[in-house]
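Heads up: the structure comes next, in structure tokens.
The values are calculated or read from the model by the stated rules, or taken from the named source; none is laboratory data. Because the structure is predicted, anything quoted here is derived from the model rather than measured. Using ideal geometry, Cβ is built from the backbone for each residue, glycine included, and neighbour counts are taken over all protein chains shown.
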Amino acid sequence: MGIHPHNDVGCGVASALAAVEAGAVQVQGTLLGFGERCGNVNLSTVIPNLQLKLGYDCIPREMMPRLTKTARYVAEVSNVPLSSGMPYVGKGAFAHKGGMHVDGVTKNAASFEHIPPQAVGNTRQVLLSEFSGRSALYAKLRELDSTVTRDSGVTEELAEDLKRLEYEGYAFESAGASFEIFALKHLGKYQPAFTLDYFKILGEQPAVNVARSCLAVVKIQVGGKTEITSAEGDGPVHALDRALRQSLEGFYPCLSQVRLIDYKVRVMEGRAATASRVRVLIESTDGQTTWTTVGASADIIDASWQALRDSMEYKLMRDGAV
């Protein structure tokens, strides 16, 4: 006896669990819930529920910590965004923002986490914003520097700077990679992988070559060496991205793995019309994991540059390339 549930009424997983407890020995579904109408039952939720909660053997125990990595790989190759709120494997599955939540999970993880994140290969996320409590900020800083205390001057200084930057349009709650770089600068642990001398953008309308309407020139320095690169692109951000990559990949080949998977722009103050400050959020991936960076400026190209720069810096920092 088996069951083939769909999620038309939001009960796909519940139906699968009820069927197994009633004697079914097979659940047909798809790893991320792909399928007709509202989707087949999501096996990345069914498997840990059956195995970790109800004691059924579904996959070898040593494979369970690879669940998140596998789910994100499938999302990558199928070009379907993985919902942040997906149970077990989503980026938000073990994310905490409210001061009470962060304080509680820091003292006793089981108070707000139903399983240890590492059991399914996920990680705890502490989200930061101007509304986060000191416990959230302290917990995040402790991940980066174990010598930091609640009363450290750097904690208070960073909290004030966080409020100022969020007032200017930055959103670190949605851009953990940019926050990590921002915090490391305050802690004196930031080592830039490259420095920008300048970039120039030239647009052409109507474009002679419709597929490449803009040209970007980037001049950077890496370890005392200067590199000037130009590239064409489908618009200014694409051209800037291509030029930056061409400049850096000779120094850091691992950047060839990185690609942009989401780009969002939000106007912060509509009264200024086309002179309004904008926030740019860029989500990037290297095929194994994803990260988000942010930039804010009255110049949309400058805001995009900030987010692109942080995206490359974060990849290099995480891989130990600098």
**Report entry** Members of region 88-118 that are modelled with pLDDT under 90 and either under 19 Å from I47 (Cβ atoms) or in a loop (DSSP other than H, G, I, E, B) (or both)
**Finding:** K91, G92, K97, G98, N108
Report task. Could you run through region 144-158 and say how many residues are over 20 Å from M317 (Cα atoms) and assigned to a helix (DSSP H, G or I)? Result -> 6
**Report entry** Filtered residues of region 218-277 (kept if out of contact with any Leu (no Cβ under 7 Å at 6 or more places or on another chain), aromatic (F, W, Y) and farther than 21 Å from A296 by Cα)
**Finding:** F251
Query raised in the report: When you go through (1) in contact with a helix residue (DSSP H, G or I) (Cβ under 8 Å, 6 or more places away or on another chain); (2) assigned to a loop (DSSP other than H, G, I, E, B); (3) modelled with pLDDT under 90; (4) not β-branched (V, I, T) one by one for C58, which number turns out not to apply?
Result: (3)
Requested in this report: Would you be able to say whether some residue in region 18-34 is under 25 Å from Q118 (Cβ atoms), surrounded by 13 or more Cβ atoms within 10 Å (Cβ to Cβ) and out of contact with any strand residue (DSSP E or B) (no Cβ under 8 Å at 6 or more places or on another chain)?
Outcome: no
**Report entry** Pick from region 72-87, criterion at pLDDT below 90 and either in contact with a Pro (Cβ under 6 Å, 6 or more places away or on another chain) or hydrophobic (A, V, I, L, M, F, W, C) (or both), ranking: farthest from E173 (Cα to Cα)
**Finding:** V77
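A quick yes/no check of all residues on (1) modelled with pLDDT of 90 or more; (2) buried (at least 17 other Cβ atoms within 10 Å of the Cβ); (3) β-branched (V, I, T); (4) within 27 Å of Y252 (Cα to Cα):
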residue: R164; (1), (2), (3), (4): no, no, no, no
residue: E168; (1), (2), (3), (4): no, no, no, no
residue: E173; (1), (2), (3), (4): no, yes, no, no
residue: A193; (1), (2), (3), (4): yes, yes, no, yes
residue: L196; (1), (2), (3), (4): yes, no, no, yes
residue: I201; (1), (2), (3), (4): yes, yes, yes, yes
residue: S213; (1), (2), (3), (4): no, yes, no, no
residue: T229; (1), (2), (3), (4): yes, yes, yes, yes
residue: D234; (1), (2), (3), (4): no, no, no, yes
Requested in this report: Kindly indicate whether M64 is surrounded by 16 or more Cβ atoms within 10 Å (Cβ to Cβ), in contact with a helix residue (DSSP H, G or I) (Cβ under 8 Å, 6 or more places away or on another chain) and part of a loop (DSSP other than H, G, I, E, B).
Outcome: no
Requested in this report: Among the numbered conditions (1) under 20 Å from the mean Cα position of the chain (by Cα); (2) in contact (Cβ under 8 Å) with a residue 40 or more places away in the chain; (3) on the phi < 0 side of the Ramachandran plot, tell me where G169 comes up short.
Outcome: (3)
Query raised in the report: A239: of a type in the set (G, A, S) and either exposed (fewer than 14 other Cβ atoms within 10 Å of the Cβ) or not in a helix (DSSP H, G or I) (or both), yes or no?
Result: no
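Okay, residues lined up against (1) out of contact with any strand residue (DSSP E or B) (no Cβ under 7 Å at 6 or more places or on another chain); (2) more than 23 Å from N79 (Cα to Cα); (3) crowded, with 16+ Cβ neighbours inside 10 Å; (4) in contact (Cβ under 8 Å) with a residue 24 or more places away in the chain:
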{"residue": "L244", "(1), (2), (3), (4)": "no, yes, yes, yes"}
{"residue": "F251", "(1), (2), (3), (4)": "no, yes, yes, yes"}
{"residue": "V258", "(1), (2), (3), (4)": "no, no, yes, yes"}
{"residue": "V267", "(1), (2), (3), (4)": "no, yes, no, no"}
{"residue": "I282", "(1), (2), (3), (4)": "no, no, yes, yes"}
{"residue": "V294", "(1), (2), (3), (4)": "no, no, yes, yes"}
**Report entry** Close pairs (8 angstrom Cβ cut-off, 6 or more residues apart or separate chains): outside the structural domain of L54 (by TED's automatic domain parsing) in region 102-120, in a helix (DSSP H, G or I) and polar (S, T, N, Q) anywhere
**Finding:** V102/S135; D103/S135; G104/S111; V105/S111; T106/S135; V120/T68
